[in-house]
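The values are calculated or read from the model by the stated rules, or taken from the named source; none is laboratory data. Quantities reported herein were computed from a predicted structural model and do not represent experimental measurements. Glycine also receives a Cβ, built like all others from the backbone with ideal geometry; neighbour counts cover every protein chain displayed. Remember, those area values only see protein heavy atoms, side chains included, never the ligands or the DNA or RNA. Shrake-Rupley method; radii C 1.70, N 1.55, O 1.52, S 1.80 Å.
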Amino acid sequence: MIELKTADEINRMAVTGQFVAETLAALSAQAQPGVNLMQLEHRARDLVNDRGATSCYWDYAPSFGRGPFRNVICLSVNDAVLHGMPHDYVLRDGDVLSLDFAVSIDGWVADSAVTVVVGDDPEPADTALIESTRRALDAGIAAAVPGGHLGDISAAINDVATESGYRVNAEFGGHGLGRTMHEDPHVSNRGRRGRGLLLRPGLTLALEPWWARGSDRLVIDADGWTLRSADGSNTAHSEHTIAITESGPRVLTAAR
């Protein structure tokens, strides 16, 4: 069931979204060569506890994972792109790190992800990859207008990927959210304009374009969670929580 949110409820989601954005900014800055992924996980836990927030990931046990997930953030390195389980790994110069974070504050959820290159000497191909997901996210957001269709968002994301030379996997994508992390509808990163759900004010979505430099197929780690590109190529993932309003899309997880 799709639940449309009131203006007040959207404002409350924006409060959560601001904390999510601040947390991702802090952790991205900390992600330097020599830092262990578990240091980032424990910093995230401290920030969640200090804010009085509730992690959406801790004890998360969906059908596709080997649950429960016992961390508060997903940290995916290089060829890992989704659901990366924090573990004992020391970041190295040039690593591509995706950070995906979702919490609830006072009963309202926000979800966002960023990808960064660790250190000061990124490979141009990795920079281009990350930037393509950011452009695709911007394009998807721009298409999220009242009277449009869900397929408009999906097509806008896919167009950026295709024009940039990347292939899109449609198995995992964005989603509705609000009182819980995953609500209807599913938002594919590939679709057709003019098709799908009619976009109405009050609809809140997490849009999350992701892809790899090479294959669009995924393999799963022995941990039962971490999804990697099948060919071992580096990956990137960008995500914002947005609300569709009468005046157009509102990004709820934008950094101030």
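Only strands (runs of 3 or more DSSP E) whose full extent lies in the stretch 140-246 are considered here, and the ones with at least 2 residues that are of a type in the set (Ser, Thr, Tyr) are 240-245.
Looking only at residues in the stretch 52-73 that are in a strand (DSSP E or B) and under 17 Å from the mean Cα position of the chain (by Cα), the one that is farthest from Trp225 (Cα to Cα) is Ser55. For His83, the criteria (1) on the phi < 0 side of the Ramachandran plot; (2) of a type outside the set (Ser, Thr, Tyr); (3) within 13 Å of the chain's Cα centre (by Cα) hold in every case but one, which is (1). When we screen Asp126, Asp111, Asp121, Asp100 for residues that are touching a residue at least 60 places away in the same chain (Cβ under 8 Å) and surrounded by fewer than 22 Cβ atoms within 10 Å (Cβ to Cβ), the only hit is Asp126. With the condition kept exactly as written, say whether any residue in the stretch 219-237 is under 30 Å from Asn11 (Cβ atoms), touching a residue at least 12 places away in the same chain (Cβ under 8 Å) and open to solvent by 20 Å² or more (accessible area, probe 1.4 Å). Looking for residues that are under 30 Å from Asn11 (Cβ atoms), touching a residue at least 12 places away in the same chain (Cβ under 8 Å) and open to solvent by 20 Å² or more (accessible area, probe 1.4 Å), one finds none in the stretch 219-237, hence no.
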